[in-house]
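Here the structure is laid out as structure tokens; the discussion comes afterwards.
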Amino acid sequence: MQQASLFRTLGQTLERRLPLLVVSPLFSLSLFFVYGFIAWTAYISLTKSGVMPVYTFDGLAQYERLWDTPRWYVALKNLFIFSSLFIGISMAIGILLAILLDQHIRLEGMIRTIYLYPMALSFIVTGTVWKWILNPGLGIEHLMRQAGFENFTFDWLVNSDFAIYTVVIAAVWQSSGYAMALFLAGLRSVDDEILKAAAIDGARPWRVYTGIVLPILRPVFLSTVIILAHLAIKSFDLVVALTGGGPGYATDMPATFMYAFAFQRSELGVAAASAVMMLMTVTAIIVPYLYSELRGTRK
Amino acid sequence: MFHSRTVLPLVAAASLALGTAARAEGTVEVLHWWTSGGEAKAVGELKKSFEATGGTWLDSPIAGGGGDAAMTALRARVVAGNPPTAVQLKGPGIQEWAEQGALNDVEDVAAAENWDAVLPPVLAGIMKYEGQYVAAPVNIHRVDWIWANPEALAKAGVEAMPTTWDEFNAAADKLQAAGIIPLAHGGQPWQDATVFEDVVLGVGGAGFFRKALVELDQEALTSDTMIAAFDQLRKLRGYVDPNFSGRDWNLATAMVMRGEAGFQIMGDWAKGEFLAAGKVPSKDFLCAPTPGNGFVLNSDSFTFFKVEGDDKLTGQKVLASLIMSPDFQKTFNLAKGSIPARTDVPLDDFDDCAKLSHSDLLKAIESDSLVPSMAHEMAVPRSVRGEFLDLVTEFFNSDMSSEDAVKRLADAVKRAM
């Protein structure tokens, strides 16, 4: 009798602990490979590391170096321009397409797939294709000139003042279909009863959307912003494929800056410092979001 | 039973002995990023010669990013305590690794074969750490070349290759008037910097070049001569077609080949493109040094890392001796388009441009106007070179004034040191 109850309690404990046990290897791996290396990078940013990592503490010298480098400011400015335009335009196009698709039109499934399709491509492909389209000697400009418009110029790709906007164009092309899909899912979840009630009350479509539907979609907005924002901050492949950071370093982003300093210039310390700055930026966005979300669910 | 128990270990011992005997000439593992065209062929020559001595060659080619990927792999392997025997590594990069204590010297081979007597002193200095050879050069590339299409020049009425930047500007103006792109150029930072250093040599001379771009003297960097160099670079910007941004150097070379452009300023790897297309020097294309009566030196070398074990150490020494042998220097450089690093190798089988390069090299050694290339990682550490590239490329792609450029350049260099 006693033995049986012992087994039972053992079984219960195991049952309770099993999920923890199963998760723990994964947990320790991510603890080591993600958080461990974040800590390592943070420490390297406080040392004199150059070609090889060195571990003698050197204070904030690498950060001073970083914030003295004009190229870093270009990268930050580009990140700001790129992410605000990219997120803003992608969301505007996404919600417009979603509303239009939501009018119970024919062939909706096919159209939806067409708009979503660019998301299936990798940024490298998008970047390469747009590099050809935007190249003055090959793409749009060449085409228009051959069509007889001799003075047509569209040289943003090779103009250091405008090159960053070509990155925006390519990224928007790639991601607005995805934003559309998110919004469409949100629109579909809006209760029909509310819309009918609004129609009975005589509300016009415009008023229905601005006054009822969009406020209901608030959580969708938030998650779309988060998804697009992290795409923007870690944008690397698109820039490398489309402009290679150029002309000069006019389209440098923090991620390409970090790569250049770590792997082309043997300045691990500065690169680590820039990585830490990027991490802090992401944290500054994500933490308030998580906080508000978690508080919301607890309620 | 009895038999097999004694015979087996015997066989094992015998095969072990045989195995080491077969590898008496050593094993080398060579990390490099020569994976395309003439370069791959050239490294194949090295492999063939090494295997002919009875050694074992383990090839570790790591392509991508102009060696960035290879450097990342190297870093990981040195940290793990398992470095390759020899690495394609050049310039002050050698010193950076030597300071980490990661290199072996091959001084006994170098002393026995008297490398000091056959290498240009500037180059020998780069190969040494604390007076001992830790690397062996395979070739010498000249960076300060102008390549030209004679037909395009004739069409525009340009009679001779320019010998000063003023002459170059005059010729370029004529080409522009004739509707030919004067200067074929690719807008990549290293190409911008290549043109920049050739301009500095032409405007300031070898002595100024050395002070500004090698010794990083602040006074030289902010001097009027440097401002004049930037002015000339700004002039060259006007001779480039609007489509230059991001173009690869070999595409720019092809523009000269096709006669779309008159000149290209590029190192002698461009010659490889001409020759590969079946063009003949002095007939289908012209080569002339850029102004300045100097010689901007770029050289590939193999650096020897700290390996252990007799087998690997032997391989390292054999490889060092092989790289510096006149025969190898000749075959390798015929394949790669450069000239031998040894100055005593006869150049009978080489083309006219290579012969000109060689005679100018000897003249430059004599008159002390041989300078290491900044743009090609021969003169300054990668961190400083990076600052040069950033600034020069920003200057080339914006309307920054020469005065601002000089000031910002001096600040950037100070920051990186």
Six or more apart or on different chains, Cβ under 7 Å: which pairs go from a residue in the range A:41-54 that's more than 9 Å from chain B (Cβ to nearest Cβ) to one that's of a type in the set (Asp, Glu)? Could you list them? A:Leu46/A:Asp58; A:Thr47/A:Asp58; A:Lys48/A:Asp58
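Taking the stated definitions as given, is A:Ile140 at pLDDT below 85 and β-branched (Val, Ile, Thr)? Before you say what the answer is, go through the steps one by one.
Numbers: at pLDDT below 85: no; β-branched (Val, Ile, Thr): yes.
Spelling it out, it is not the case that A:Ile140 is at pLDDT below 85 and β-branched (Val, Ile, Thr).
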Checking B:Ala252 against (1) crowded, with 23+ Cβ neighbours inside 10 Å; (2) of a type outside the set (S, T, N, Q); (3) in contact (Cβ under 8 Å) with a residue 40 or more places away in the chain; (4) away from chain A (no Cβ under 14 Å), which test does it fail? (4)
Check whether at least one residue in the range B:350-362 is under 23 Å from B:Gly186 (Cβ atoms), more than 14 Å from every other protein chain (Cβ to nearest Cβ) and aliphatic (A, V, I, L, M), and report yes or no. no
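Taking the range B:384-409 as the search range and keeping residues that are among the small types (Gly, Ala, Ser) and buried (at least 21 other Cβ atoms within 10 Å of the Cβ), which one is nearest to the other protein chains (Cβ to nearest Cβ)?
Of the range B:384-409, the ones among the small types (Gly, Ala, Ser) are B:386, B:398, B:401-402, B:405.
Okay, now just the ones that are also buried (at least 21 other Cβ atoms within 10 Å of the Cβ), so B:386, B:405.
On the way: B:Gly386: 4, B:Ala405: 12 Å.
By that ranking, first place goes to B:Gly386.
I need a count of the residues in the range B:317-335 that are charged (D, E, K, R) and buried (at least 24 other Cβ atoms within 10 Å of the Cβ). Show your work before the answer.
Of the residues in the range B:317-335, the ones charged (D, E, K, R) are B:317, B:327, B:330.
Adding the requirement that they be buried (at least 24 other Cβ atoms within 10 Å of the Cβ) leaves none.
Of the residues in the range B:317-335, 0 are charged (D, E, K, R) and buried (at least 24 other Cβ atoms within 10 Å of the Cβ).
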Of the numbered conditions (1) surrounded by fewer than 17 Cβ atoms within 10 Å (Cβ to Cβ); (2) without any contact (Cβ under 8 Å) to a residue 60 or more places away in the chain, A:Ser122 satisfies every one except a single condition; which is it? (2)
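Give me the residue from the range A:62-87 that is in contact (Cβ under 8 Å) with a residue 12 or more places away in the chain and within 11 Å of chain B (Cβ to nearest Cβ) and, out of that set, surrounded by the fewest Cβ atoms within 10 Å (Cβ to Cβ).
Step one: list which residues in the range A:62-87 are in contact (Cβ under 8 Å) with a residue 12 or more places away in the chain, which gives A:62-63, A:65-66, A:69, A:71-72, A:74-76, A:78-79, A:81-83, A:85-87.
Add one more test, that the residue is within 11 Å of chain B (Cβ to nearest Cβ), and what stays is A:65-66, A:69, A:71-72, A:74.
Numbers: A:Arg65: 18, A:Leu66: 23, A:Thr69: 21, A:Arg71: 21, A:Trp72: 21, A:Val74: 22.
Result: A:Arg65.
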Of A:Phe57, A:Phe27, A:Phe33, which residue is closer than 30 Å to B:Gln95 by Cβ and away from every other protein chain (no Cβ under 14 Å)? A:Phe57
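Residue-wise test of (1) at pLDDT 80 or above; (2) part of a loop (DSSP other than H, G, I, E, B); (3) within 30 Å of B:Ile94 (Cβ to Cβ); (4) within 14 Å of chain B (Cβ to nearest Cβ).
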| site | (1), (2), (3), (4) |
| --- | --- |
| A:Val239 | yes, no, no, yes |
| A:Gly245 | no, yes, yes, yes |
| A:Tyr249 | yes, yes, yes, yes |
| A:Asp252 | yes, yes, yes, yes |
| A:Phe257 | yes, no, yes, yes |
| A:Val270 | yes, no, yes, yes |
| A:Ser274 | yes, no, yes, yes |
| A:Tyr289 | no, no, no, no |
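So that you can scan it fast, the table gives a plain yes or no per residue for (1) in contact with a Gly (Cβ under 6 Å, 6 or more places away or on another chain); (2) at pLDDT below 90:
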residue: B:Ser245; (1), (2): yes, yes
residue: B:Trp249; (1), (2): yes, yes
residue: B:Ala252; (1), (2): yes, no
residue: B:Ala261; (1), (2): no, no
residue: B:Leu275; (1), (2): no, yes
residue: B:Leu286; (1), (2): no, no
residue: B:Ser299; (1), (2): no, no
residue: B:Val307; (1), (2): no, yes
residue: B:Asp311; (1), (2): yes, yes
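Would you mind listing the helices (runs of 4 or more DSSP H) fully within the range A:160-235 where at least 1 residues are at pLDDT 85 or above?
Numbers: elements: A:163-188, A:192-200, A:205-208, A:218-233.
Once the helices (runs of 4 or more DSSP H) in the range A:160-235 are filtered for at least 1 residues that are at pLDDT 85 or above, what remains is A:163-188, A:192-200, A:218-233.
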For B:Tyr239, only one of the following conditions fails: (1) of a type in the set (Ser, Thr, Tyr); (2) under 15 Å from B:Val143 (Cα atoms); (3) more than 23 Å from the chain's Cα centre (by Cα). What is its number? (2)
If you go through the range B:96-108 one residue at a time, how many are more than 10 Å from every other protein chain (Cβ to nearest Cβ) and under 18 Å from A:Glu267 (Cβ atoms)? 0
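Under the condition of being more than 14 Å from chain B (Cβ to nearest Cβ) and among the β-branched types (Val, Ile, Thr), which residue from the range A:154-193 is surrounded by the most Cβ atoms within 10 Å (Cβ to Cβ)?
Keep residues of the range A:154-193 that are more than 14 Å from chain B (Cβ to nearest Cβ), which gives A:165, A:168-193.
Narrowing further to those that are among the β-branched types (Val, Ile, Thr): A:168-169, A:172, A:190.
Numbers: A:Val168: 19, A:Ile169: 18, A:Val172: 23, A:Val190: 16.
So the residue we want is A:Val172.
The values are calculated or read from the model by the stated rules, or taken from the named source; none is laboratory data. Because the structure is a prediction, the values reported are computed rather than measured. Note that each Cβ is placed from the backbone with ideal geometry, even for glycine, and that neighbours are counted across all protein chains shown.
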